[in-house]
Amino acid sequence: MYRLLEFQANQIEMVLASHDVPSRVFGGLVTPRFVQFQLAPPLGTKVKRIAGLSEEIALSLGARSCRVYRQGGTINVEVPREEARTVRLIPLCRRLSQIPPCTSVLGLDESGTPLLLHLPSPDVAHVLIAGTTGSGKTELLRTMIASLAMHNRLGEVQLVLVDPKGRGFAPFAGLPHLLHPLVHDVWDALYRLRRLVAEMERRDKEGISEPKVMVFVDELADLMMVGGKDMERVLTRLLQRGREAGVHLVGCTQKPTAAVIGSLVKSNFPVRLVGSVTSPEDAKVAAGIAGTGAEKLLGRGDFLVVVKGQVLRLQAAYVSVSEIQKMVARLREGGRRSRRWLEEATGTEGKAGGSLKARLANRLRLVKGK
């Protein structure tokens, strides 16, 4: 491995020198999916000049692509590894000494540090996942759901899983944390979300926010195209007022444009998880900011985390269908379904949320696990 890294560093320096940009590789990182080389270019060198040589650098290394970007005072060149390693969720969770309540495990950052997302944080609240087919959106949703189910009691977190395609969330059927069975029909989703907004308004009046309700949607565009303005109004209301009532939305889409999911819906996601996209324009739309380089991501779980203008690289953890099914079976055997607070029948309004002792607010934002 060391010899390969030395060879690649030398090749990068040779390509740059041949174009009158003499630079030195002075460090880097080896991650599960790529190798990052850190460059020290001559004073005054523009990033665009080196980025314009990315295809030639990749060719010299025998790589299908490479990504060039600025980070602080250095310029990084990222090269895909030939043998990528999968980051698995369950072993990753075992590494963590503590996972705070209502927190999803995402995966590893560039330095190999576990990356977690505390959904009730004011800086998080709701999450938009964007990327093309093959970027790993559905797998990341599964990872977030599984980590919540494994580390939270039924009285702490309840889940609403909306899956118009009928495939992404199928392994979670029967999970005790589900507020109701998996939702596949768009009109059923509209009904369930309206009920959730009504519960949210009740909570506002009574000053309660527990148990937390996490809504996961595998393809927001399907809901918006069929549900139209009614769906947009319900989602916007949930996004604007949900956090105070303990209701949080995580949605994914291939097309995060205002025309597809609505400008109000799009503007209410403080956190973006951006997978591979097809162009710099799509990357800007997905991330909400320009210059992230998401069009050069490798797919299959390679993501950028964008929050408050900060961009972090993420290799999403993976949990298999069989692992999810085993987890659901164990939870069904060992867990007991708590009384549902959102009643379907009229005239029997649940009060479980008000009877729960409020947990101390954990002010974690985007946190790195220890």
Return the Rg/Rh ratio of the chain with Cα-based radii and a Kirkwood Rh. 1.02
In nanometres, what is the gap between the two model label sites at R94 and S267, each 7 Å from Cα along Cα-to-Cβ? 4.8
For a Förster distance of 25 Å, can you work out the FRET efficiency between the beta-carbons of A329 and R194, rounded to the nearest 0.05? 0.15
How big is the dipole moment of the chain about its Cα centre under a simple scheme where the beta carbon of each Lys and Arg is +1, that of each Asp and Glu is -1, and everything else is neutral? Debye, nearest 20, please. 980
Debye calc, one equal point scatterer per Cα of segment 34-107, no solvent, log10 I(q)/I(0) at q = 0.12, 0.17, 0.24, 0.26 1/Å comes to -0.53, -0.76, -1.03, -1.14
Quick check on the chain: helices-only [θ] at 222 nm, where DSSP H runs of length 4 and up contribute -39,500 (n - 2.57) each and the sum goes over total residues. Nearest 500, please. -10500 deg cm²/dmol
Shape descriptors of segment 170-311 over alpha-carbon atoms, Rg and Dmax in angstrom, are 16.0, 48
P(r) tail for segment 15-146, what percent of Cα pairs lie past 19 Å? 61
Can you tell me the FRET efficiency between M14 and S320 if r is taken as the Cβ-Cβ distance and R0 is 41 Å, rounded to the nearest 0.05? 0.45
Given Cβ charges of +1 for Lys and Arg and -1 for Asp and Glu, the option among A51, G28, L239 whose Cα lies farthest towards the positive end of the dipole of the chain is L239
All other residues with a Cβ under 9 Å from the Cβ of G291 taken together, and with Lys, Arg as +1 and Asp, Glu as -1, what is their net charge? +2
19 Å Cα-Cα threshold exceeded, pairs from K229/K284; K266/K308; K137/K165: K229/K284
Mind putting together the pair-distance distribution for segment 109-164? All Cα pairs, 5 Å bins, whole percent per bin, short to long. 4, 13, 20, 28, 22, 9, 4, 0
Along the dipole axis of segment 2-80 (charges at Cβ: +1 for Lys and Arg, -1 for Asp and Glu; origin at the Cα centre), the most positive-end residue among G73, G62, L16 is G73
Treating only the Cβ of Lys, Arg, Asp and Glu as charged (+1, +1, -1, -1), what charge dipole size does segment 2-80 show about its Cα centre? Round to the nearest 20 debye. 240
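Values in this text are rule-based calculations from the coordinates and carry no lab data. Quick caveat, the model's predicted, so the values are computed rather than measured. Methodologically, a virtual Cβ is constructed for each residue, glycine included, from the backbone with ideal geometry; neighbour enumeration extends over all protein chains shown.
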